[in-house]
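The values are calculated or read from the model by the stated rules, or taken from the named source; none is laboratory data. Keep in mind the model is a prediction, meaning the values are calculated, not measured. Glycine gets a Cβ as well: all are built from the backbone with ideal geometry, and neighbour counts include every protein chain shown.
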Amino acid sequence: MKIGIKNPLVLATSASLFLLIVIVETVAPANVVGAYGFVLPILLIATARNRRLMYVTVALCVIATYIGLLRPTKPGRFVSAVINRTVVAGVLVGVAYFAMTREERKTREEAARAELALQTEHLLKANAQLVEIKDALNRSERLAAVGQLVASVAHEVGTPLHSIAWHVQALGEEPGVTGDMRKRIEIVDSQISRVVRIIEDLLSSTRQRKPALARLPVEALVQPVVGLMGPSFAGKGVALKVESRVEGPPIWGDVEQLQQVLVNLLTNALAATAAGGEVVIEIGGRPVTTDERDARARAGEPPIQAMLTLMVRDTGCGMPDEHLHRASEPFFTTKAIGDGTGLGLFLSRQIVAAHGGTLSIESEVEKGTKVLIVLPGCPGDVVGMTGRTGDGA
């Protein structure tokens with residue numbers, strides 16, 4: 001019979017004590033007091049909480065107790081020796097029973113505590129899920145309220161916007177318009193159109209319309225936004241740069257929605273950066289990871305070879321942890337009333353997610369903020385190895 005024990009030291013100590021007591025019994029067989037020493041190995045074995053091992057130990061101790069009777073004794077002392085050693089055997093069995101019962105009770109109590117801890121952990125997780133669901137419900141209610149508000153004013157806003165758009169187009173057709181002026185008029189006209197589309201998105205309970213995907217080179221995504229935001233950066237004295245150390249792969253994307261994301265990020269970076277600072281758009285790419293490849297396979301998406309990375313980093317004031325954790329919540333903003341709605345990062349994350357990408361934020365107070373966008377490249381395209389650096393303002 002194989003008997004396992006978790007702590008070999010307990011078994012070794014018990015065996016040593018057993019042998020020591022057997023030696024004492026051999027040297028002084030008439031002294032029955034030494035046999036009571038078998039209580040010690042029994043108590044030690046009880047801590048191992050192994051019933052079969054306890055049975056073997058008690059049996060050996062009882063046998064060793066009665067072995068003393070085989071030694072010669074004085075006439076008339078044999079019967080009393082049998083009685084004395086029977087009492088010792090009874091004490092050993094009783095000690096083994098109570099010690100084992102106590103240890104088994106401890107085992108049951110520990111198992112009950114572990115089960116209680118497990119149930120508590122499950123309850124805490126369930127409570128956390130309920131809190132998340134409640135927060136999501138609150139966000140949905142707030143977004144629905146915004147949708148109703150936008151619906152109530154959409155007509156009033158749309159009428160002057162269409163009038164502005166008509167006048168802008170008329171200005172572009174004036175004979176004295178220079179090429180530079182026409183370029184600026186086209187930017188104004190495109191931004192008016194974007195405002196109209198944003199209102200349309202908000203009218204559908206702030207849910208973004210499905211992206212109109214097309215093959216999109218990274219330059220077509222970044223350069224128009226740099227041209228649009230450049231004057232604002234120059235007016236504040238903040239440098240706007242574009243760096244491309246690795247040529248990013250083209251992506252399948254909605255140029256208007258993704259440009260909206262970049263405008264939101266650059267607007268936030270400009271607001272957080274003082275004059276003399278800088279904001280950099282880093283363009284890059286990397287091979288797709290195994291997890292990303294597996295996720296696309298599960299979603300039924302075509303395989304890709306590369307991911308486009310866009311990072312907007314600034315040297316601004318940064319955000320403390322409590323603000324960083326809430327940065328993507330709808331309506332959360334640290335700006336003054338009237339300066340921001342708190343929807344920029346929320347809508348940006350939604351747009352990036354709709355394109356199958358991710359948006360993550362790192363920030364440190366007084367050191368600046370980094371926002372990283374990762375988007376899937378077009379199937380078959382790989383990451384280039386050439387790079388360049390340029391200034392946008």
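Okay, here's what the table says:
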item	result
Residue within the stretch 244-254 that is in the same structural domain as residue 360 (by TED's automatic domain parsing), under 25 Å from residue 189 (Cβ atoms) and free of Cβ contacts under 8 Å to residues at least 40 places away in the same chain present	no
Failed item, numbered, when residue 318 is tested on (1) over 20 Å from the mean Cα position of the chain (by Cα); (2) modelled with pLDDT of 85 or more; (3) not in a loop (DSSP other than H, G, I, E, B)	(3)
